[in-house]
Amino acid sequence: MKKIIILLLFAGLLKLNAQEEIRKMMTDTVWEKYVQFDKSSPFYKTFWFWTKERIFNGVNRDVIKFSSDISIQLKNSFNENDSIIICNLIQELKGIIPNNINFSTQKKGNVIIEIVANGTRFGSRSKIGKSGIIFKEYQIGFNDSDSFESRKRILEFFVIRSLCGIQNVKYRTKTGYAIFDDFDPDPVLTKFSLSDRFLLQKLYSKDLLKEAKSYILSNYTKRYYLNFFYKNEMKFFGVILSVLITFLIFIFSYRRVFRRRYRVGYLNYLMPGMVLMFTSYIGINLYDYLTSSGGLGLYLYSWFVTLIVYIPICLIVLSLLYVLEKNIINKEWTIAKQLKLKIIFTFLVIITIIVLMFVFNSDNKFNFIISLIGIVVFSIRTAFLYLREQTEIQLRKKDIELSKMKALKAQAEVASLNARINPHFLYNSLNSIVGLVRSNPEKTEQMALSLSDLFRYNINRNNTLSSTIKEEIEAVRAYLQIEQIRFGDRMKFSIEVDESIEQFEIPRNIIQPLVENAIKHGVSKIKHEGIIKVKIQKNNEVVEISVSDNGPDFPEGVITGYGLQSINDILKLSYEGEGELHWENEPAKRIWITISEKGFNNMKRFINEAV
């Protein structure tokens, strides 16, 4: 019985000591309630900086707190000191935050502190909605070894932490043992400090944003302020400004770089590529600067350092693309196939550089910027190649239309030239017949028949632009036979043709004017025997049609005459520069046409387009 009485007295003394300790601690901290957290306080700037790091996330102006009454429920506690601790804490909080705060051990609250059996130290769960904190629940397992002070600090910690949702986990400032000092501290090592009171007072103040803006405007740059409270708007502004500056640089460089042609082919590839990559670099870094809070000097230094690495990367990327496209892509391939390969090469080269950067470089921000630039460059180049492909397709369509129109025009011109050549020859032939009518009727008849055969031959080919070399030689032979009748023994001729090229297509009536010229300005000018040689051969993939005579030399300078001018016109229209007319006096007088293999291909295309 005595032992029981002694134990009861001892328990009563412990209870009185515990309550006295609570009252003593309240006396030690009661002055803190009356501290005025205004701008004149020496703690004002420090506490604001400390608070700003914890209640804002740096992306928007939203904070996480209770928007209505706060009901604290203590569950499963068999220690009446727990209720006393929480009730005293509530009295302090009522002088700090405007929300109504209630306490109960029975009624369900939106802040639940549940005391659990030994084995579970701390646990928690919560629900946060658009309007703020909906509820928070904590499980606390006290140890038998926990002192009253430890128990008090643990309960205060979870009640105070329930009132604010911390949005950042990394802090630059700490005030020492405050409940909000660390993201996940040991509750026993914390206490409800002045900085915690300041945080709660500002968090639940109706003028929170106004005071926060005033503090940040007074202590930070305008850019920091805008990014802190208007992050999304600054991102939008950064995108618009970066795109605008990038566009202006591109416009400024278009004629000076993109349209310029350098003597060294590599520079035609390198210079536009460097402008594109540096424009992307400037745009991305400008956006990064506008949407962050670092100082300008620090950014300029960072840009300079990264630029030293970026330049070699640009040169490597552009050189690899140049080598790949120069040596693999065939210009004769379709535009679509060339486009696909260029896009694939660009993707592979950029991805390779990005992977190597992540493997050998530990600076994640620099790697991110390089990756972002790579993505931008790939996107821009892909868009540029696609637009250029579409432009080339449209240009080719226009070229085809123009080629068809040109072919029709050329067909009409060639037909007109042929029509003018035939009357020219007819005029000469009729003059010859007139001259022989009285002197030699038999030769006149023979010439008339030959002329009839020649014109019948030409009429049968009247609807064609070309004929074979063999057909043209037959017409020339008929013409020379007519002229030989007229000149008699004063003229001889020979024709030599390489049989391997007899079926080559050439424009109609380009050989006969050469022979006419040899007779009119050559054989007819001499009194002795005139000789005309027609020779057609192939030398080194070039077909040569030659007519020589032993008449007077060609005059110096350009040879004039309607027939030869007509040949020049036909060669230009048919062979597109791959057929030419030449003449010389030494070592022997001759006039000749040369046609390259490419010229014959041009001739085929010209005929197909004209059909």
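The values are calculated or read from the model by the stated rules, or taken from the named source; none is laboratory data. This structure is a prediction, so every number in the text was calculated from the model and none was measured. Cβ atoms come from the backbone with ideal geometry, glycine included; neighbour counts cover every protein chain shown.
Remarks
- Test: residue in segment 78-90 that is under 59 Å from the mean Cα position of the chain (by Cα), in the same structural domain as L163 (by TED's automatic domain parsing), part of a helix (DSSP H, G or I) and surrounded by 12 or more Cβ atoms within 10 Å (Cβ to Cβ): no
- Long-range neighbours under 6 Å by Cβ, at least six apart or interchain, first residue more than 18 Å from S319 (Cα to Cα) within segment 243-266, second assigned to a helix (DSSP H, G or I) and aromatic (F, W, Y): none
- Restricting I380, I351, I370, I375 to residues that are within 20 Å of P272 (Cα to Cα) and either at pLDDT 70 or above or outside any helix (DSSP H, G or I) (or both) narrows the list to I375.
- T173 farther than 24 Å from S292 by Cα, in the same structural domain as D82 (by TED's automatic domain parsing) and among the β-branched types (V, I, T): no
- Pairs are defined by a Cβ separation below 6 Å, a sequence spacing of at least 6 or placement on different chains, a first member in segment 305-321 that is on the phi < 0 side of the Ramachandran plot and surrounded by fewer than 15 Cβ atoms within 10 Å (Cβ to Cβ), and a second member that is part of a helix (DSSP H, G or I) and modelled with pLDDT under 80; no pair meets this definition.
- Meets criteria (farther than 23 Å from I96 by Cα, aromatic (F, W, Y) and touching a Ser or Thr at 6+ places or on another chain (Cβ under 9 Å)) for Y177: no
- Count - residues of segment 231-243 that are touching a helix residue (DSSP H, G or I) at 6+ places or on another chain (Cβ under 9 Å) and of a type outside the set (A, V, I, L, M): 5
- Screening segment 549-563 for residues that are surrounded by 15 or more Cβ atoms within 10 Å (Cβ to Cβ) and modelled with pLDDT of 75 or more and picking the one that is farthest from M491 (Cα to Cα) gives F554.
- Selection from segment 169-210 of residues that are within 15 Å of W48 (Cβ to Cβ) and within 45 Å of the chain's Cα centre (by Cα): Y171, R172, T173, L208, L209, K210
- In segment 142-234, counting only helices (runs of 4 or more DSSP H) that sit wholly within it, the ones holding 3 or more residues that are surrounded by fewer than 16 Cβ atoms within 10 Å (Cβ to Cβ) span 208-219.
- When every residue of segment 162-171 is checked against the conditions, at least one turns out to be closer than 17 Å to K136 by Cβ, out of contact with any Phe, Trp or Tyr (no Cβ under 8 Å at 6 or more places or on another chain) and modelled with pLDDT under 90.
- Residues of segment 464-504 satisfying the condition of being among the acidic types (D, E), surrounded by fewer than 18 Cβ atoms within 10 Å (Cβ to Cβ) and under 26 Å from N540 (Cβ atoms): E496, D498, E499, E502
- Odd one out for E389 among (1) in a helix (DSSP H, G or I); (2) modelled with pLDDT of 65 or more; (3) more than 16 Å from the chain's Cα centre (by Cα); (4) of a type in the set (D, E, K, R): (3)
- Selection from segment 257-277 of residues that are modelled with pLDDT of 80 or more and among the basic types (K, R): none
- Number of positions in segment 310-332 that are of a type in the set (D, E, K, R) and in a helix (DSSP H, G or I): 2
- If the condition is being at pLDDT below 85 and touching a Lys or Arg at 6+ places or on another chain (Cβ under 9 Å), then segment 485-506 contributes I485, R486, G488.
- Residues being closer than 21 Å to R223 by Cα and in contact with a helix residue (DSSP H, G or I) (Cβ under 7 Å, 6 or more places away or on another chain) - total across segment 244-275: 1
- Residues within segment 278-312 that are at pLDDT 80 or above, among the β-branched types (V, I, T) and more than 17 Å from the chain's Cα centre (by Cα), tallied: 3
- Residue within segment 271-286 that is in contact with a Cys (Cβ under 9 Å, 6 or more places away or on another chain), touching a residue at least 60 places away in the same chain (Cβ under 8 Å) and either over 21 Å from Y171 (Cβ atoms) or surrounded by fewer than 14 Cβ atoms within 10 Å (Cβ to Cβ) (or both) present: yes
- Among the residues examined, G577 does not qualify as assigned by TED's automatic domain parsing to the domain that holds T468 and surrounded by 13 or more Cβ atoms within 10 Å (Cβ to Cβ).
- Checking each residue of segment 150-167 against the condition of being under 45 Å from the mean Cα position of the chain (by Cα) and among the aliphatic types (A, V, I, L, M) gives at least one match.
- Candidates are the residues of segment 512-548 that are among the basic types (K, R) and farther than 20 Å from S467 by Cβ; the one that is modelled with the highest pLDDT is K533.
- Matching entry among Q73, Q106 (being surrounded by fewer than 16 Cβ atoms within 10 Å (Cβ to Cβ) and either at pLDDT 85 or above or in a loop (DSSP other than H, G, I, E, B) (or both)): Q106
Here's the yes/no breakdown for (1) within 28 Å of I510 (Cα to Cα); (2) at pLDDT 70 or above; (3) in a helix (DSSP H, G or I):
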{"site": "L385", "(1), (2), (3)": "no, no, yes"}
{"site": "R396", "(1), (2), (3)": "no, yes, yes"}
{"site": "E413", "(1), (2), (3)": "yes, no, yes"}
{"site": "L430", "(1), (2), (3)": "yes, yes, yes"}
{"site": "E442", "(1), (2), (3)": "no, yes, yes"}
{"site": "L454", "(1), (2), (3)": "yes, yes, yes"}
{"site": "Y457", "(1), (2), (3)": "yes, no, yes"}
{"site": "N462", "(1), (2), (3)": "yes, no, no"}
{"site": "S467", "(1), (2), (3)": "yes, yes, no"}
